[in-house]
Amino acid sequence: MGKKGDLSNFERGMVVGARRAGLSISQSAQLLGFSRTTISRVYKEWCEKGKTSSMRQSCRRKCLVDARGQRRMGRLIQADRRATLTEITIHYNPGMQQSICEATTCITLRRMGYNSRRPHWVPLISTTNRKKRLQFAQAHQN
């Protein structure tokens, strides 16, 4: 079987409940759909430490931009809506203890709900065409 990720607290509780109900490791694995190794590991952890929750969720790297940094970045964006990632990063870094890169800025902005957009390009109307359009509109006004 392939690795499917961490078990939820409910699934861990089901494993412990099945083992406490008197099912063997193989029967529990077949009933719940997990490997025998997973069943024995979760039950052993429960017997030794008395816990069914996994603490692995807190093992990831801490984000460099906290809530205060997000508010600051939001103010930078409100000041200049057309600023590029590079400009936002350059304006953000001087006041902070740890500098961040453009990729971190991009991830933070996406988390805040901002997306990158390009302005729609429209061709400019020449002066001669503008005069012709005005004449046509005045001729067909009524």
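Descriptive notes on the structure:
- Among the residues listed as S99, S24, the single one being under 30 Å from R12 (Cβ atoms) and either within 22 Å of the chain's Cα centre (by Cα) or polar (S, T, N, Q) (or both): S24
- Some residue of region 112-119 being open to solvent by less than 80 Å² (accessible area, probe 1.4 Å) and either on the phi < 0 side of the Ramachandran plot or part of a helix (DSSP H, G or I) (or both): yes
- Note on region 86-104: residues that are open to solvent by less than 40 Å² (accessible area, probe 1.4 Å) and not in a helix (DSSP H, G or I) amount to 1.
- For region 123-131, the count of residues that are surrounded by 10 or more Cβ atoms within 10 Å (Cβ to Cβ), among the hydrophobic types (A, V, I, L, M, F, W, C) and either in a loop (DSSP other than H, G, I, E, B) or within 22 Å of the chain's Cα centre (by Cα) (or both) is nonzero.
- Subset tally (residues that are over 20 Å from the mean Cα position of the chain (by Cα) and open to solvent by 60 Å² or more (accessible area, probe 1.4 Å)) for region 57-85: 7
Quick grid of which residues meet (1) among the hydrophobic types (A, V, I, L, M, F, W, C); (2) within 30 Å of N9 (Cα to Cα); (3) modelled with pLDDT of 90 or more; (4) assigned to a helix (DSSP H, G or I):
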residue	(1), (2), (3), (4)
F34	yes, yes, no, no
K62	no, yes, no, no
M73	yes, no, yes, yes
C106	yes, no, yes, yes
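The values are calculated or read from the model by the stated rules, or taken from the named source; none is laboratory data. Just so you know, these numbers come straight off a predicted model, no measurement behind them. As a convention, Cβ positions derive from the backbone with ideal geometry for all residues, glycine included, and neighbour counts pool all protein chains shown. Heads up: the accessible areas ignore ligands, DNA and RNA and are worked out on the full protein's heavy atoms, side chains in. Shrake-Rupley method; radii C 1.70, N 1.55, O 1.52, S 1.80 Å.
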